[in-house]
1. Quick check, is Leu17 in the same structural domain as Lys283 (by TED's automatic domain parsing), in contact (Cβ under 8 Å) with a residue 12 or more places away in the chain and touching a Leu at 6+ places or on another chain (Cβ under 8 Å)?
2. Tell me, please, whether a residue that is assigned to a strand (DSSP E or B) and over 44 Å from the mean Cα position of the chain (by Cα) can be found in segment 153-171.
3. Just give me the residues in segment 17-46 being touching a helix residue (DSSP H, G or I) at 6+ places or on another chain (Cβ under 7 Å) and either at pLDDT below 95 or closer than 17 Å to Leu326 by Cβ (or both), in sequence order.
4. Counting only residues that are assigned to a strand (DSSP E or B) and crowded, with 23+ Cβ neighbours inside 10 Å, how many does segment 289-305 have?
5. Listed residues Val134, Val176; which is crowded, with 16+ Cβ neighbours inside 10 Å and in a strand (DSSP E or B)?
6. Any residue in segment 59-77 that is assigned to a strand (DSSP E or B) and either among the acidic types (Asp, Glu) or closer than 30 Å to Arg177 by Cα (or both)?
7. Can you pull out every residue in segment 328-355 that is crowded, with 17+ Cβ neighbours inside 10 Å, more than 30 Å from Glu18 (Cα to Cα) and without any contact (Cβ under 8 Å) to a residue 60 or more places away in the chain?
8. Of all the residues that make up segment 79-109, how many are surrounded by 13 or more Cβ atoms within 10 Å (Cβ to Cβ) and among the small types (Gly, Ala, Ser)?
Amino acid sequence: MTDQCYSHSLISINEALENIRAALSPIKDEETVNLHQALDRVLARSCIAPFNLPAFPNSSMDGYAFNSADIKNTPFTLEQVGISWAGRPFSGELSAGQCVRIFTGAVIPSGADSVIMQEQIHCSEHAIHFPENVRAKQNIRYIGEDVRQDDCLLAAPKQLSAIDLGLLASAGIYEVRVIRKIRIAFFSTGDELSAIGMPLVAGQIYDSNRYTLTALLNNPCYTITDLGVIRDDKASIHTCLLAAAKSNDVIISTGGASVGDADFIKEILDDIGQVNFWKLAIKPGKPLAFGRIQDCHFFGLPGNPISVIATFQQVVTHALRQLMGLNNNAPLRFKAVCHSQLRKQAGRQEFQRGILSQAENGAFEVISAGKQGSNILSASSRANCYIVLTREQTNVEAGTEVLVEPFSLFL
């Protein structure tokens, strides 16, 4: 049986993403931020190492520094002549038969080329007794072992992680040039929508989509503006789009992208901009508009809450990454055994909501999160993954392997 919403005019997500790639160019404007503000921002200029890391040879262990020339016969005994602390190096030079107490990160004393762990020796006053089979030239971090001076520390464009910030700080770099924030405006359309806190009248529902989008757009790379609810009035939507396009890079609307009498988005875009596509072969989320108003990109998402989430995650997120200059890597997907029977008709790729788990033997298992209607938020709230079904697939029997896409790395 074939999905009744299917037609040959629908395009796949991959085709839609190709259209997006052809239509978008990365933002070039930059700004300077310090490391405290740089997490998850996109590096605009590569960072070069100003000096070697490590800058001096140091110990990777608490122990004793010595010269391997003293390893003649084992076991053997050396005289401790001082201490090298982290931040307070030993100032002398080792002679034959001598060693120095050393702590992790401390400078290797002149004349030493090896460190033995403190757990492997025995002390009696200043005599340090070394065991059999002592290994030479161990437990030392050498100059430039991590990064050499003038090497590229981080290549742009790169979304900066916590580890990246630590690397920059270790090189003494306290501010970086990043791509400026993407300016994003969003609004909902529909006469049926009421603000939270207001009493509902007959036929009205509370607008959940703007709260969902606010959370989905909670990203250090974005500056967002909530334009509220715009009624199903062509002139109002027309005015809102033109005004928002003047001061934003991206506009996202929810609702009004279908083919109903009150769905004006495509018609308005034809008047004031251009439309690249607006029907996708996916479920949830078939009606979706992508276009341009002046220098501003537009995404008209469906009105149903789950369709908003799915189309944002599967389409809009990729576009925003491209605007930031990042690669559009494929989402993490892998096989899991499905223990629920899934209903599906051929014709559209489906993103059913599932609950993913991992058995004691490491195998991944998934069950349906419940009802799959595009208005059913409760099932999605329980879910932690998508069950990704191809356009050609039909009903899935329990015990069948399916493709899953986790919402996060933690199940």
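The values are calculated or read from the model by the stated rules, or taken from the named source; none is laboratory data. Predicted model only: the values in this text are computed from it and were never measured. Every residue, glycine as well, gets a Cβ built from its backbone with ideal geometry; the counts of neighbours run over all protein chains shown.
1. Details: in the same structural domain as Lys283 (by TED's automatic domain parsing): yes; in contact (Cβ under 8 Å) with a residue 12 or more places away in the chain: yes; touching a Leu at 6+ places or on another chain (Cβ under 8 Å): no.
No.
2. Let us first name the residues in segment 153-171 that are assigned to a strand (DSSP E or B), namely 153-154, 159.
Filter again for over 44 Å from the mean Cα position of the chain (by Cα), leaving none.
No: segment 153-171 contains no residue that is assigned to a strand (DSSP E or B) and over 44 Å from the mean Cα position of the chain (by Cα).
3. Our first condition is that a residue be touching a helix residue (DSSP H, G or I) at 6+ places or on another chain (Cβ under 7 Å); within segment 17-46, this holds for 17, 20-21, 24, 26-27, 35, 38-39.
The answer is Leu17, Ile20, Arg21, Leu24, Pro26, Ile27, Ala38, Leu39.
4. Just the residues of segment 289-305 that are assigned to a strand (DSSP E or B), to begin with: 289-293, 296-301.
Remaining after also requiring crowded, with 23+ Cβ neighbours inside 10 Å: 289-291, 297-301.
Of the residues in that region, 8 qualify.
5. Numbers: Val134 fails: in a strand (DSSP E or B).
On inspection, the qualifying residue turns out to be Val176.
6. Taking segment 59-77 first, the residues assigned to a strand (DSSP E or B) are 59, 63-66, 76-77.
This time we only want the ones that are either among the acidic types (Asp, Glu) or closer than 30 Å to Arg177 by Cα (or both), so: none.
Looking for residues that are assigned to a strand (DSSP E or B) and either among the acidic types (Asp, Glu) or closer than 30 Å to Arg177 by Cα (or both), one finds none in segment 59-77, hence no.
7. Ser340, Ile355, listed by residue number.
8. The qualifying residues number 7.
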